[in-house]
Amino acid sequence: MKDLEKCKNKKTFVIGGKELDIPVIQGGMGVGVSLSGLAGAVAKEGGIGIISTAQIGFNEPDFETDTLGSCLRAIRAHIMKAKEIAQNKGMVGVNVMTALKNYREHVEEAVKSGADIIVCGAGLPIDLPSIVSDACRKFQVKKPFIAPIVSSARAAKILLKHWADRYGETADLIVVEGPKAGGHLGYAADEAACPDSVDFDNIVKSVIDCKKEYEEKFSKRIAVAAGGGISAREDAEHVFSLGADAIQVASRFVATKECDADERYKQAYVDADKDDIVIIKSPVGMPGRAVRNAFVRSIEQKSIPVKKCLSCLSKCNPAQIPYCITDALIKAVKGDVDNGLIFCGAEIGEIKKISSVKNVIEELLYI
Ligand SMILES: Cc1cc2nc3c(=O)[nH]c(=O)nc-3n(C[C@H](O)[C@H](O)[C@H](O)COP(=O)(O)O)c2cc1C
């Protein structure tokens, strides 16, 4: 095995003046798939480890009676734990879905707890700069870097213009997510089902073009990471050849010993073939990519009534949805892989064994 220290990639990945050892950001994975274990391990290798805050309090005893309180407590605990694992290497951040009802509170808690970077997807984080600035003032803490996730140059343009005009600020990093990604997708269902119909290379290049104006305006560098379906070194090289500074990788990190999901969840990734992947309609209102397990086959036939609503999403009507996504994701991550929803990227058919974070990084960057 090559030693990461000896074969550092020539590529530099700088965010807000801080140089990272490796050009890798691990994509946030909710519910409970990327917590302190995975995020800490990626940061320890010199990359950016991301904790998903989506329903992060699910293991707390009062999760059902005080959902917000348990989530805020868990955000703090996982940031602290990940930083301890990382031993001052890399960065530890959070992924907060803008579709969450308590999106603002989650961002505030992450800022207060010392997250190095706040990444927001599942919608455009229009007011993120002000939430972060207010929280920094209120808690007297250092400002974290901020990063939106976009799926088009149009979204990047709208957001960067809005942030510049309204808040006099810009992004530190932009994550461009392609149609081969896992979880919720910012593409139409037919594009998600046929990812090669999308000119993702062009999207990445257009986002890189559009951020230049704001780099000049704010005299700072805005890094770009691109991801979705990166499973081998050639995929990473391709993204770098388009001009991206880093790769965002999620699925490959699920099948690692450090990933926070139950072993049965990881094994479901190893067992799944390309043909086992399906595009589902999520109650969030976006298409999502998942393993076509017994749960998915059952919701294709009939809805599962919501027993208890924890009001996790800002736009969700429990009476109208085919199933509760929180319940389904929690079941899966705890190991009930037949009755839960297993989100995945388009290339999980390539995952053949449970590995380690270090091995995955070596394979993606050096082997
Ligand atoms: C199990 C799983 C859960 C995910 N959950 C989230 C999430 O909560 N928020 C988010 O912004 N992206 C989420 N994603 C997307 C990833 O962060 C990442 O951008 C994407 O999956 C990258 O593609 P890859 O999995 O092929 O590497 C999820 C992906 C997976 C596989």
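For region 322-365, a residue qualifies if it is of a type outside the set (A, V, I, L, M), in contact with a helix residue (DSSP H, G or I) (Cβ under 7 Å, 6 or more places away or on another chain) and more than 17 Å from K307 (Cα to Cα), and the qualifying residues are G335, D338, C344, G345, E347, G349, K352, K353, E363. Within region 307-327, identify whether any single residue is within 11 Å of the ligand (Cβ to nearest atom) and either over 23 Å from L35 (Cα atoms) or within 18 Å of the chain's Cα centre (by Cα) (or both), and answer yes or no. Yes - at least one qualifying residue is present in region 307-327. Screening the candidates I351, I280, I321, I342 for the property of being more than 20 Å from A181 (Cα to Cα) and among the β-branched types (V, I, T) yields one hit, I321. Among the residues of this structure, S70 does not count as one that is among the polar types (S, T, N, Q) and in contact with a strand residue (DSSP E or B) (Cβ under 7 Å, 6 or more places away or on another chain). The set of residues in region 1-23 being at pLDDT 75 or above and surrounded by 11 or more Cβ atoms within 10 Å (Cβ to Cβ) consists of T12, F13, V14, I15, G16, K18, L20, D21, I22, P23. Residues in region 42-71 that are within 16 Å of the ligand (Cβ to nearest atom), small (G, A, S) and farther than 18 Å from E109 by Cα: A43, G47. Scanning region 112-131 for residues that are in a helix (DSSP H, G or I) and crowded, with 24+ Cβ neighbours inside 10 Å gives a single hit, L128. Within region 79-100, not a single residue is touching a Lys or Arg at 6+ places or on another chain (Cβ under 9 Å), surrounded by fewer than 19 Cβ atoms within 10 Å (Cβ to Cβ) and under 21 Å from L310 (Cα atoms).
Looking at A294, A272, which one is more than 23 Å from F58 (Cβ to Cβ), among the hydrophobic types (A, V, I, L, M, F, W, C), in contact (Cβ under 8 Å) with a residue 24 or more places away in the chain and not assigned by TED's automatic domain parsing to the domain that holds G28? Residue meeting the stated conditions: A272. Among the residues that make up region 245-256, is at least one of them modelled with pLDDT under 95, over 25 Å from K11 (Cα atoms) and not in a strand (DSSP E or B)? No; the residues of region 245-256 include none that is modelled with pLDDT under 95, over 25 Å from K11 (Cα atoms) and not in a strand (DSSP E or B). Checking each residue of region 209-226 against the condition of being in contact with a Lys or Arg (Cβ under 7 Å, 6 or more places away or on another chain), farther than 23 Å from Y187 by Cα and surrounded by fewer than 20 Cβ atoms within 10 Å (Cβ to Cβ) gives at least one match. As a summary of the residue check, S251 satisfies the conditions (1) within 13 Å of the ligand (Cβ to nearest atom); (2) in the same structural domain as C309 (by TED's automatic domain parsing) except for the one numbered (2).
Only one of the listed residues (S314, S282) is in contact with a strand residue (DSSP E or B) (Cβ under 8 Å, 6 or more places away or on another chain), outside the structural domain of P179 (by TED's automatic domain parsing), of a type in the set (S, T, Y) and surrounded by 15 or more Cβ atoms within 10 Å (Cβ to Cβ). That residue is S282. Every listed requirement among (1) within 16 Å of the ligand (Cβ to nearest atom); (2) surrounded by fewer than 23 Cβ atoms within 10 Å (Cβ to Cβ) is met by A192 save one, (2).
The values are calculated or read from the model by the stated rules, or taken from the named source; none is laboratory data. This is a predicted model, so every value here is computed, not measured. With ideal geometry, Cβ positions are generated from the backbone for all residues, glycine too; neighbour counts draw on all protein chains shown.
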